[in-house]
Structure formats: C-alpha cells, structure tokens
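*Asks:* One structure, pasted below without further comment.
The values are calculated or read from the model by the stated rules, or taken from the named source; none is laboratory data. None of these values were measured; they are calculated from a predicted model. Methodologically, a virtual Cβ is constructed for each residue, glycine included, from the backbone with ideal geometry; neighbour enumeration extends over all protein chains shown.
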Amino acid sequence: MMKKTIPQILATVLLLVIAASLQSQTIPFDSTRWEFDAKESRIEEYLGRQCLRLKGGLALVKESKFLNGIIEFDIAFSEERNFVGTIWRAQDQRNYEEFYFRPHQSGNPDANQYSPVFNGLSGWQLYYGENFSAPVCYRFNEWMHIKIVVAGQQAEVYIMDMETPALFIPELKRVAALGQIGLSAGDFTAVHYANFYFSNLEAPNLKGKAKPPKPAPPGLITAWSVSNDFSEVALRHKLQLSDSNKTALTWKKLECEATGVANLARVAVLGERSNTTFAKITINSAREQIKEIKFGFSDRVRVYLNDRLLYAGFDQYASRDYRFLGTVGLWDALYLPLKKGRNELWMAVSENFGGWGIQAALEDRSGIQIQ
C-alpha cells in the first residue's frame, strides 16, 4: 500500500475541514450571509453581547440548505405580547416550518407554538395542544439558550434546559425538503438574537418519543374537493348558488390530516380579494333521510346543500371575547335533509388569519356513500 505524501495528507485534512464547515456553521449577524426582510433589523450591543435586533419580519441565511440537524441560538425578549422564533426548510419567504415563542403567555399551555406556514399563512388555529406547544416559564430581558433538533418528520425543542426537550413534535406538517433556515419576529416589539449556529446531520438523535395517537373521531371526512380561491363578497346575501357562482371554478383534491382537518392553505392563497374557497363532497343517499354532520371551521363558513344555504358561522379569533381563539374542532352540528340519490355539500370557508381549515364527520354512514 502506497504511503501518502505530506501534500496529500494536507489536502485530505483541508477537504475534511471544508466538509465539516459546510455541516456545522456559526453565522455572525454582521456576516453578509444574512438577508433581511423585516421592518427593523440592526446589529447592536444588548445585555453584554453583539446581537441582532429584529422586528416585523424574517432574517434568512443566504443559500443555506437545511434538511435535518440542529439549530441553536440565544434569544432575549420582554414580557410584552409578541411572536418570535426560528424557521427551517424554507422554500421561500411564504413556505416553511416555524417554532415561535409567545412571551405574553409565559407558563401557559400555549407559551409557544410549532406551526407550518403554507402560502404565507400560519395554521395555529388548526394545530394546537400538546404536540404543538408546551408550558414554559421564560426569563424576561435575559439571554435564554434555544436548541431545535430536526429529524425527518419529527423535531424537538430545548428551551434553557439542554438535557430535556420542552416540546417533542411527532409530525412536522410540511413535506421534508431542503430549505433555508433563519429567524422570525412579530410586529409588536423588537427581539434580540445572539450566537446563531446550525449543523447539518443526516440522522440526528431525538430523545423524545411520540405518544400513541388518539383515536380518530368516527365518520371523519378524509378528503375534499377544493376550489380556487375567490372573494367572500361574491357570496354576500347568496341564499342559492347559481351557475354564475360555479362555472369559473377549478378543483383540486385535498387529503385531510389524521385528525380530519383539511388545511386549505395548502392549495389556496389568501389575499385581499381571495379569502374564500369551496370545499365540497358528494353524498349519495339510498333514500330521503336526515343525517347529522359535525364540523369545525376557520374563520367563517357558509354551508350549502344542493345549492341552498343551510347555515352560516363566524368563529374568527376574538370574535366572541378577547380569549376566544377560533381553533377548529367538531363542535358544531347540522342536520342535512338529504334527497334520494346525489347530494352535493359545499362549504364556503373564509379566512382572516391564523389557519384556513375545515373539519367534518358524518358518524352514521348507513344508507349513504361519500365521494
């Protein structure tokens, strides 16, 4: 076997160093590798450290390609209302995974939040509870160390305590794909970040374990046909759908989550003139009969059966009182007067912010088939 020369050894070492640097990187905030799309972003001294002050937007590491690995940083914020955190696997500035803090909810079950972002819309009203947030008491106006470990379709979040994850995320909602990493900050008040580091790893080890999934509610609708988006104004005072409401529509099939929630932002884009979409199913009935359907929605819904308006609901955030979150669940019920044969159930779902979704269940399937 030939011995390597000193130049060959040095070349090998250099390649290993370069490879390691690509896998593990500390990115100073004054580096040209950062790109900012925020109302406020600047480098300053805060609590004894050079750091990034960020408000109202994103800071992304240019050309970063992150799939699995570790993201670490220090964060300092006040107890004021805010939403600040980190993003990963960003395909662009409107599509990414995100974990953020709610400082004003310190110690509460919703002190933080994991949520996917589809087409610029975060879905926290659809994704809530123990798999998406954890009660953590924060230290205000102090540096707190944060670590996020991402492995395939799972992740875990460490907050101050680097030995025990505060939150285990059993299912990331976006398809795993290489993307940029970065930081986010809400519009309310500025947040400070320091010591940003990430490491690409093929299969990082996770300490957390997924709990057995809860049984799905019986009779869940598992897929919808979803129309193109349009303005809610088109349905104002519309008691009966006409051909003019239908002819320009195009349709896509949207599979629901295991919970039965259909995240409409996966296929629809929210805009000033495009805040509504139809989700429809066909119910073939063996006879004339009445069937109960349980459903939930965000934020507003109009339910049409065979073109006739049966119901309108308004569950927007804070629409009932300041604590009303507008989360989606099977909390409403409607009794459908089915005719014999083909029945079309159309739900016009309108969105403001926080999650664009529909969920429904027909528990009693006797004498009906659903398409």
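*Asks:* Determine whether residue 111 is over 14 Å from the mean Cα position of the chain (by Cα) and surrounded by fewer than 22 Cβ atoms within 10 Å (Cβ to Cβ).
*Replies:* yes
*Asks:* On to the next question. Checking residue 237 against (1) of a type outside the set (A, V, I, L, M); (2) over 30 Å from residue 104 (Cβ atoms); (3) assigned to a strand (DSSP E or B): exactly one of these is not met. Which one?
*Replies:* Of the numbered conditions (1) of a type outside the set (A, V, I, L, M); (2) over 30 Å from residue 104 (Cβ atoms); (3) assigned to a strand (DSSP E or B), the odd one out for residue 237 is (3).
*Asks:* On the basis of being on the phi < 0 side of the Ramachandran plot and surrounded by 11 or more Cβ atoms within 10 Å (Cβ to Cβ), does residue 229 make the cut?
*Replies:* Judged against the criteria, residue 229 is a match.
*Asks:* More than 18 Å from residue 198 (Cα to Cα) and β-branched (Val, Ile, Thr): which single residue out of 117, 61 fits that description?
*Replies:* The conditions single out 117.
*Asks:* Same structure again: Among the residues of region 351-365, are any in contact with a Lys or Arg (Cβ under 6 Å, 6 or more places away or on another chain), closer than 15 Å to residue 291 by Cα and either in a strand (DSSP E or B) or not assigned by TED's automatic domain parsing to the domain that holds residue 238 (or both)?
*Replies:* Yes, because at least one residue in region 351-365 is in contact with a Lys or Arg (Cβ under 6 Å, 6 or more places away or on another chain), closer than 15 Å to residue 291 by Cα and either in a strand (DSSP E or B) or not assigned by TED's automatic domain parsing to the domain that holds residue 238 (or both).
*Asks:* Any residue at all in region 279-300 that is acidic (Asp, Glu), surrounded by fewer than 21 Cβ atoms within 10 Å (Cβ to Cβ), under 29 Å from residue 248 (Cα atoms) and in contact with a strand residue (DSSP E or B) (Cβ under 7 Å, 6 or more places away or on another chain)?
*Replies:* Checked against the condition, which is being acidic (Asp, Glu), surrounded by fewer than 21 Cβ atoms within 10 Å (Cβ to Cβ), under 29 Å from residue 248 (Cα atoms) and in contact with a strand residue (DSSP E or B) (Cβ under 7 Å, 6 or more places away or on another chain), region 279-300 yields no hits at all.
*Asks:* Sort out for me the strands (runs of 3 or more DSSP E) sitting completely within region 44-121 that have 2 or more residues that are closer than 18 Å to residue 30 by Cβ.
*Replies:* It comes to 49-61, 69-76.
Conditions tested, residue by residue: (1) touching a Pro at 6+ places or on another chain (Cβ under 6 Å); (2) outside the structural domain of residue 306 (by TED's automatic domain parsing); (3) of a type outside the set (Lys, Arg).
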position: 178; (1), (2), (3): no, yes, yes
position: 183; (1), (2), (3): no, yes, yes
position: 188; (1), (2), (3): no, yes, yes
position: 195; (1), (2), (3): no, yes, yes
position: 209; (1), (2), (3): no, yes, no
position: 212; (1), (2), (3): no, yes, yes
position: 228; (1), (2), (3): no, no, yes
position: 237; (1), (2), (3): no, no, yes
position: 240; (1), (2), (3): no, no, yes
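*Asks:* Output the number of the condition that residue 245 fails; it satisfies all remaining conditions of (1) without any contact (Cβ under 8 Å) to a residue 40 or more places away in the chain; (2) part of a strand (DSSP E or B); (3) crowded, with 18+ Cβ neighbours inside 10 Å.
*Replies:* For residue 245, the exception is condition (2).
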